[in-house]
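Only one structure is covered here, and it is reproduced in the block below.
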Amino acid sequence: MSTSTIANIDVELNNEGFFVDPDQWTVDMVSELALREGIEELTDAHWQVIRFMRSEYLAKGTGPTVRVLGKTSGVSIKELYQLFPKGPAKVAAKIAGIPKPRGCI
Amino acid sequence: MVKRVVILGGGTGGTLTANRLRRVYSDTEIEIAVIDQDDCHVYQPGLLFVPFGLAHAEDIVRPRGRQFHHGIDYVKSAIDHVDLETNSVQLTDGSTLGYDVLVIASGAVLVPEETDGLVGPGWMEKVFTFYSPEGAAALGAALSRFDGGRLVVNVVDMPIKCPVAPLEFCFLADWYFCERGIRDEVQLTYVTPLDGAFTKPIASQRLAGMLADKRVELVTEFNTGEVDGKGGRLIAYDGREVGFDLAVVIPLHSGAAYVGRSPGLGDSLNFVPTDEHTLQSHAAPNVFVIGDAANVPASKAGSVTHFEGEVLVENVRRYLAGESLDASFDGHTNCFIETGFHKALLIDFDYETEPLPGHYPSSVGLPLLAESRLNHLGKLMFESFYWHGLLPGRDIPGISSAMPTAGKRPAAANVSRKD
Ligand SMILES: Cc1cc2nc3c(=O)[nH]c(=O)nc-3n(C[C@H](O)[C@H](O)[C@H](O)COP(=O)(O)OP(=O)(O)OC[C@H]3O[C@@H](n4cnc5c(N)ncnc54)[C@H](O)[C@@H]3O)c2cc1C
């Protein structure tokens, strides 16, 4: 676990870079978090996925996996990989300030 | 008044639930009906051995009807949908069954058609799965003709049934080609969407080491987007490719399709949202879920289904008696991992604790996370226990459904994080 300053606010991240406390996240942090993941410009489609991750997490207690995102977010898996080449579910979860999606047991 | 419990699916979970319930209640207290679409109960762990000629597909199948105790009504029909509003199940044969309590035990299905190209050219010729009896038998024929080249084992995505089975397949393939004297001609590769050999850190390291020892190349974080059977290529969404001469693919899994046709019952993958400790569904208080059909964060394994049985049956009883539910299911999972050369490894874990080294169930038991011949015998004996102990609904002497901690060495590891 480590403390990072994002949009001038101190937040706790675990060693994989996911938020420890999703309540510390604010929408103002998004562009800086995206930049850390190598995404320089956020398109509407990026925002759609990030908002969807966040609302699914708040409703269900875990963020969706890539497969579920492809079925439910309105963005296809192929497109999701174009938006987040390093792994849609993981990267979008980091940017949305939620824990790692719990898909894999 | 006689209450009616309807159980959807007569596989591992449905059968053991029906038999356990029948022992708790007399015919005058509850009626039990089990619905299944066919009469072939497959001992699924046996599928792993079929491709290597160590078991035959027909020997691991028994009639479903004969696994039930007296006084259980077995209905052979496919389920069309569940109507939670009217507490009834619509069958495809046109009949409707009402219930006081519904138990969902319809498992997981393979959906290979959801991966581009997987069931296209080359399917069942160069691309196989051992997750179905037909697939396992066809793969067996292909393996016996295989004289060398690149054999790739690929898990498309989680969740899958028995997440260690693909690794076991790699270990057995190494043994099999050694026996045939052509191991040097075969290049074995394990391609997984996970970031390691397995989901839990300590077991993952141990298993990755074993893959390396057995000269199985490990490719991680590979999300298969397409299978090109003709060209012999797995293609990931990020553009990476792995070539093969023979591919063994574990297709995507979903819950049963009828779950999707039942308003309010399932999630986007047709698994049923379920309380992980009480096994009551989130859909309705009189609907309970056991086995692979549930979306609880435990492995989809027969051992989990077995351990769930005790809590599930107790909670059906408490629900019918108007008592509060028992929230004691801990996610206990126990898997023998066949490692070839007549040895096996044993892992034991739950929701909170990852697999640890030590002994099971106490310090004088079977070695954990270590290869041994004793574990291999355990794996073989499991088949007999399955038909004669687990399905009839017996407990294993000395083994409770809660995970034991006595013989484990937690000093070697920390309790896993739940993130
Ligand atoms: C290759 C392989 C190896 C495995 N190895 C192991 C192992 O070593 N150890 C271990 O513990 N577990 C192992 N498992 C997993 C284990 O077999 C399953 O977890 C277990 O059988 C799950 O039980 P279940 O009752 O949930 O589902 P199942 O036993 O699959 O039963 C589901 C039933 O529902 C019925 N059904 C579904 N839909 C409908 C419908 N619409 N209408 C009517 N009926 C329907 C099906 O016909 C089926 O009979 C393995 C699985 C596989 C595939």
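The values are calculated or read from the model by the stated rules, or taken from the named source; none is laboratory data. Because the structure is a prediction, the values reported are computed rather than measured. Using ideal geometry, Cβ is built from the backbone for each residue, glycine included, and neighbour counts are taken over all protein chains shown. For the accessible areas, the whole protein counts, side chains as well, though only heavy atoms, and no ligand, DNA or RNA atoms are used. Shrake-Rupley method; radii C 1.70, N 1.55, O 1.52, S 1.80 Å.
Can you confirm whether B:VAL313 is within 14 Å of another protein chain (Cβ to nearest Cβ), assigned to a helix (DSSP H, G or I) and crowded, with 22+ Cβ neighbours inside 10 Å?
No, not satisfied.
Could you list, in sequence order, all residues of segment B:189-215 that are surrounded by 21 or more Cβ atoms within 10 Å (Cβ to Cβ), out of contact with any Ser or Thr (no Cβ under 7 Å at 6 or more places or on another chain) and of a type in the set (A, V, I, L, M)?
B:VAL191, B:ALA203, B:LEU207
Anything in segment B:112-137 that is open to solvent by 40 Å² or more (accessible area, probe 1.4 Å), touching a strand residue (DSSP E or B) at 6+ places or on another chain (Cβ under 7 Å) and either aliphatic (A, V, I, L, M) or under 12 Å from B:VAL248 (Cβ atoms) (or both)? List them, or say none.
B:LYS126
Restricted to segment B:71-91, and to residues that are part of a loop (DSSP other than H, G, I, E, B) and in contact (Cβ under 8 Å) with a residue 24 or more places away in the chain, which residue is surrounded by the most Cβ atoms within 10 Å (Cβ to Cβ)?
Checked segment B:71-91; the qualifying residue surrounded by the most Cβ atoms within 10 Å (Cβ to Cβ) is B:ILE72.
Look through segment B:21-40, keep the residues that are open to solvent by less than 20 Å² (accessible area, probe 1.4 Å) and touching a residue at least 60 places away in the same chain (Cβ under 8 Å), and return whichever of them is farthest from the ligand (Cβ to nearest atom).
Among them, the one singled out is B:ILE30.
Condition first: within 16 Å of the ligand (Cβ to nearest atom) and among the hydroxyl-bearing types (Ser, Thr, Tyr). Now tell me which residues in segment B:103-130 satisfy that.
Selection gives B:SER106, B:THR129.
Show me the helices (runs of 4 or more DSSP H) entirely contained within segment A:45-105 in which 1 or more residues are more than 11 Å from chain B (Cβ to nearest Cβ).
A:77-83, A:88-95
In segment B:331-357, how many are surrounded by fewer than 22 Cβ atoms within 10 Å (Cβ to Cβ), away from the ligand (no atom under 16 Å from the Cβ) and either away from chain A (no Cβ under 14 Å) or of a type in the set (Ser, Thr, Tyr) (or both)?
5
Just checking, which of B:PHE349, B:PHE307, B:PHE341 is outside the structural domain of B:TYR43 (by TED's automatic domain parsing) and closer than 30 Å to B:ASN286 by Cα?
Answer to the selection: B:PHE349.
Has segment B:148-157 got at least one residue that is closer than 27 Å to B:ARG215 by Cα, within 14 Å of another protein chain (Cβ to nearest Cβ) and out of contact with any Lys or Arg (no Cβ under 6 Å at 6 or more places or on another chain)?
The answer is yes, given that some residue of segment B:148-157 is closer than 27 Å to B:ARG215 by Cα, within 14 Å of another protein chain (Cβ to nearest Cβ) and out of contact with any Lys or Arg (no Cβ under 6 Å at 6 or more places or on another chain).
Among B:TYR176, B:TYR190, which is the only one that is under 26 Å from the mean Cα position of the chain (by Cα), more than 27 Å from A:LYS100 (Cα to Cα) and not polar (S, T, N, Q)?
None of the other options fit; the residue is B:TYR176.
Has segment B:409-418 got at least one residue that is buried (at least 20 other Cβ atoms within 10 Å of the Cβ) and either away from chain A (no Cβ under 14 Å) or in a loop (DSSP other than H, G, I, E, B) (or both)?
So far as segment B:409-418 goes, no, none of its residues is buried (at least 20 other Cβ atoms within 10 Å of the Cβ) and either away from chain A (no Cβ under 14 Å) or in a loop (DSSP other than H, G, I, E, B) (or both).
Out of all the residues in segment B:237-248, is one or more within 14 Å of chain A (Cβ to nearest Cβ), in contact with a strand residue (DSSP E or B) (Cβ under 6 Å, 6 or more places away or on another chain) and either free of Cβ contacts under 8 Å to residues at least 24 places away in the same chain or of a type in the set (Lys, Arg) (or both)?
yes
Based on this model, can you work out whether B:PHE49 counts as within 12 Å of the ligand (Cβ to nearest atom), among the aromatic types (Phe, Trp, Tyr) and either at pLDDT 95 or above or open to solvent by less than 50 Å² (accessible area, probe 1.4 Å) (or both)?
So B:PHE49 passes the test.
Which residue is nearest to the chain's Cα centre (by Cα), if the candidates are limited to segment B:251-301 and must be within 12 Å of another protein chain (Cβ to nearest Cβ) and assigned to a strand (DSSP E or B)?
B:LYS300
Just give me the residues in segment B:159-181 being of a type outside the set (D, E, K, R) and within 11 Å of the ligand (Cβ to nearest atom), in sequence order.
Correct list: B:PRO159, B:ILE160, B:CYS162, B:PRO163, B:VAL164, B:ALA165, B:PRO166, B:PHE169.
Of the residues that make up segment B:144-156, is at least one of a type in the set (A, V, I, L, M) and open to solvent by 10 Å² or more (accessible area, probe 1.4 Å)?
The answer is no; no qualifying residue exists.
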